[in-house]
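Data block below; observations after.
The values are calculated or read from the model by the stated rules, or taken from the named source; none is laboratory data. Here the structure is a predicted model, which means the values were calculated and not measured. In this analysis, Cβ positions are derived from the backbone assuming ideal geometry, glycine residues included, and neighbour counts consider all displayed protein chains. The area values use the complete protein model at the heavy-atom level, side chains included, leaving out ligands, DNA and RNA. Shrake-Rupley method; radii C 1.70, N 1.55, O 1.52, S 1.80 Å.
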Amino acid sequence: MGVKKEKVFVDIAPFSEKYIEYYLKCFVNRVNCLEGAYRAGKTVINVLSFANHVDFCEDKVHLVTGYSVATAGLNVVDTGGASIDLVSLFKGRCKQGKFKNNECLYIKDHYGRRKIIVIVGGGKSDSVKSIQGITFGSWLSVELANLFISDDNRDFIAMALSRLTSAKNQKIWWDLNPTYPSHRVYTKYLDVYMKQQNLGVFAGGYNYERCSLFDNKSLNEEQINNALAMYPDKTSIDYKRNILGERSAAEGIIFTQFAANPDEYIVEVFIEYRKYIKPQFISIGIDFGGNGSNTAFCATLISDNFSRVMPFYSDEIDMSKPENQNVKVYSEELKKFLQKVHRWRESVGATIRCIYCDCADTVMVNETRRVIRELAKYGLGGIRVENCYKATIKKRIDTKSMLLHKGKYHIFKLATHVIDSTSTQVWDKRPGHEDERLDDHTSDIDIADAEEYSWSAFINKLIDRNAR
């Protein structure tokens, strides 16, 4: 007598005609790619198709990737009930484990055969090591543009593709958010595949679809309006990419809203500003200079449960002067800066909690710790010195733009370096650098880095609090 299988039911919202057509094409195409807006529902479609393939195919080992193991896991394997995932689709016949030092999901397929889904992060230059020597039958990746792509054999996408060559029924599912048109993910892969598909020479078929936020039929009107509120400027690069799902290159001034009307964001009287906020603590960012750049300091007030930031004092050491290029000058200037910030604590309504330093210079980080130990004798104790969290430049810029749009970003008049930098930063037009700011000394990038280091440790909280 056969064993009766328990039926598992998963609630799935209705799909748009575009997604239904894409899903059906996945059955007959080797490479399937969805590119589009945040929250467009891309990953759900690919996970459903991937799970169906794994359930019935002959290949035993399969691959799931994202920028990191965490992003791959949270988006595909186990979303904690936030979305359709592999754990819910294979409920009762899967368990998490390890396979060749990688995280994995062991499942029993439709016929009772054991399958292994390996979960890997592919965003770093040495990521290829985690998949070398493993043969996969199929591959699903989120965040394709965030995987490590290069022109040599360290390229993660190239390595992953090479590990699929022995598959009995090779299948690939990719999704990505749009980026600038000259990004390597297009010039090396997606645009090349599309050209070959149009010529009828792409082996196995290439199924590509672009999608916008409005293609996700599971979102209600309130959710859509909340997303649209994040991007009030419909001509902006962020609206084009994150709502319409279009590739777009940025041009000109980065913070156009601030540059057009800086007085709206500059605080003249601190005591008035204090009436509308709940201060938490002061956080300081330091960018160490050298090779033509200055050492920059920025003190920022974090308030309102990590939803509001205000740089209120900034300073720099002119590193073009030879006499300033030594540790002693740095130490003395840091002491002066901290003492001035400390004197502002009553007006600001908070004390200094942490200093976030450019982690690239360990010698200067250690010197900063030494200075803090020395100042502890004079009432400046309890300040932590940490390596800064270096989110991508684009993510930092996007977060600051969001805070400006939400009215959660202001600058006190004493932070003149930050005011000038925010007003003058422009996008870099060089191919491959379009999501970066131009660093040719036309604007103060050193203070921009220091300012962002002062709050980037809390960047995900800032995004989360302001996305509600």
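For every residue, the table says whether it meets (1) at pLDDT below 95; (2) in a loop (DSSP other than H, G, I, E, B).
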position	(1), (2)
Lys18	yes, no
Ala40	yes, yes
Val47	no, no
Asp55	no, no
Ser83	yes, yes
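For the stretch 299-327, which positions are assigned to a helix (DSSP H, G or I) and open to solvent by 40 Å² or more (accessible area, probe 1.4 Å)?
Residues satisfying the conditions are Pro322, Glu323, Val327.
Scanning for something touching a residue at least 60 places away in the same chain (Cβ under 8 Å), small (Gly, Ala, Ser) and open to solvent by less than 10 Å² (accessible area, probe 1.4 Å), does the stretch 91-112 turn up at least one residue?
Within the stretch 91-112, not a single residue is touching a residue at least 60 places away in the same chain (Cβ under 8 Å), small (Gly, Ala, Ser) and open to solvent by less than 10 Å² (accessible area, probe 1.4 Å).
Please return the ranges of helices (runs of 4 or more DSSP H) entirely within the stretch 413-468 where 3 or more residues are closer than 13 Å to Thr300 by Cβ, of a type in the set (A, V, I, L, M, F, W, C) and modelled with pLDDT under 90.
none
Yes/no per residue for (1) on the phi > 0 side of the Ramachandran plot; (2) hydroxyl-bearing (Ser, Thr, Tyr); (3) more than 27 Å from the chain's Cα centre (by Cα); (4) surrounded by 22 or more Cβ atoms within 10 Å (Cβ to Cβ):
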site: Ile243; (1), (2), (3), (4): no, no, no, yes
site: Glu251; (1), (2), (3), (4): no, no, no, no
site: Ile271; (1), (2), (3), (4): no, no, yes, no
site: Phe297; (1), (2), (3), (4): no, no, no, yes
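Give the residue that is surrounded by the fewest Cβ atoms within 10 Å (Cβ to Cβ), with candidates limited to residues of the stretch 57-81 that are assigned to a helix (DSSP H, G or I) and free of Cβ contacts under 8 Å to residues at least 60 places away in the same chain. Spell out the reasoning first.
Step one: filter the stretch 57-81 for residues assigned to a helix (DSSP H, G or I), giving 69-77.
Going one step further and asking which of them are free of Cβ contacts under 8 Å to residues at least 60 places away in the same chain, we end up with 69-70, 73-74, 77.
Numbers: Val69: 19, Ala70: 12, Gly73: 21, Leu74: 17, Val77: 21.
Checked the stretch 57-81; the qualifying residue surrounded by the fewest Cβ atoms within 10 Å (Cβ to Cβ) is Ala70.
Hey, could you check the stretch 20-38 for residues that are assigned to a loop (DSSP other than H, G, I, E, B) and not aromatic (Phe, Trp, Tyr) and say which is modelled with the lowest pLDDT?
If we take residues in the stretch 20-38 being assigned to a loop (DSSP other than H, G, I, E, B) and not aromatic (Phe, Trp, Tyr), then Ala37 is modelled with the lowest pLDDT.
Restricting to the stretch 307-357, count the residues that are within 29 Å of the chain's Cα centre (by Cα) and not basic (Lys, Arg).
14
Which residues, taken from the stretch 328-361, are open to solvent by 60 Å² or more (accessible area, probe 1.4 Å) and not in a loop (DSSP other than H, G, I, E, B)?
Answer for the stretch 328-361, where residues must be open to solvent by 60 Å² or more (accessible area, probe 1.4 Å) and not in a loop (DSSP other than H, G, I, E, B): Lys328, Glu332, Lys336, Gln339, Lys340, Arg343, Arg345, Glu346, Arg353.
Kindly indicate whether any position in the stretch 222-230 is touching a strand residue (DSSP E or B) at 6+ places or on another chain (Cβ under 8 Å) and either of a type in the set (A, V, I, L, M) or open to solvent by less than 20 Å² (accessible area, probe 1.4 Å) (or both).
Taking every residue of the stretch 222-230 in turn, none turns out to be touching a strand residue (DSSP E or B) at 6+ places or on another chain (Cβ under 8 Å) and either of a type in the set (A, V, I, L, M) or open to solvent by less than 20 Å² (accessible area, probe 1.4 Å) (or both).
Tell me the residue from Leu403, Leu380 that is touching a Phe, Trp or Tyr at 6+ places or on another chain (Cβ under 7 Å), under 23 Å from Ser303 (Cα atoms), in contact (Cβ under 8 Å) with a residue 24 or more places away in the chain and not charged (D, E, K, R), please.
Step by step, each of Leu403, Leu380 is checked, and only Leu403 is touching a Phe, Trp or Tyr at 6+ places or on another chain (Cβ under 7 Å), under 23 Å from Ser303 (Cα atoms), in contact (Cβ under 8 Å) with a residue 24 or more places away in the chain and not charged (D, E, K, R).
Can you tell me which residues in the stretch 132-154 are buried (at least 22 other Cβ atoms within 10 Å of the Cβ), of a type outside the set (A, V, I, L, M, F, W, C) and either more than 19 Å from the chain's Cα centre (by Cα) or part of a loop (DSSP other than H, G, I, E, B) (or both)?
Those that are buried (at least 22 other Cβ atoms within 10 Å of the Cβ), of a type outside the set (A, V, I, L, M, F, W, C) and either more than 19 Å from the chain's Cα centre (by Cα) or part of a loop (DSSP other than H, G, I, E, B) (or both): Gly137, Ser138.
Ala167 is checked against (1) surrounded by fewer than 16 Cβ atoms within 10 Å (Cβ to Cβ); (2) out of contact with any helix residue (DSSP H, G or I) (no Cβ under 7 Å at 6 or more places or on another chain) and fails just one. What number does that condition carry?
(1)
Pick out the one residue from Thr422, Thr442 that is open to solvent by 30 Å² or more (accessible area, probe 1.4 Å), under 28 Å from Asn242 (Cβ atoms) and among the polar types (S, T, N, Q).
Thr442
Condition check: modelled with pLDDT of 95 or more, assigned to a helix (DSSP H, G or I) and closer than 30 Å to Arg184 by Cα. Does Ile157 satisfy that? Before the answer, list the steps.
On the way: modelled with pLDDT of 95 or more: yes; assigned to a helix (DSSP H, G or I): yes; closer than 30 Å to Arg184 by Cα: yes.
It is true that Ile157 is modelled with pLDDT of 95 or more, assigned to a helix (DSSP H, G or I) and closer than 30 Å to Arg184 by Cα.
Please note which helices (runs of 4 or more DSSP H) are completely contained in the stretch 198-287 and include at least 1 residues that are in contact (Cβ under 8 Å) with a residue 24 or more places away in the chain and among the small types (Gly, Ala, Ser).
So the answer is 221-229, 256-260.
Considering only residues that are over 21 Å from the mean Cα position of the chain (by Cα) and among the hydrophobic types (A, V, I, L, M, F, W, C), which ones fall in the stretch 394-430?
Ile411, Phe412, Leu414, Ala415, Val418, Ile419
Does Gly97 fit the bill of being over 24 Å from Cys26 (Cβ atoms), assigned to a strand (DSSP E or B) and in contact with a strand residue (DSSP E or B) (Cβ under 9 Å, 6 or more places away or on another chain)?
In short, yes.
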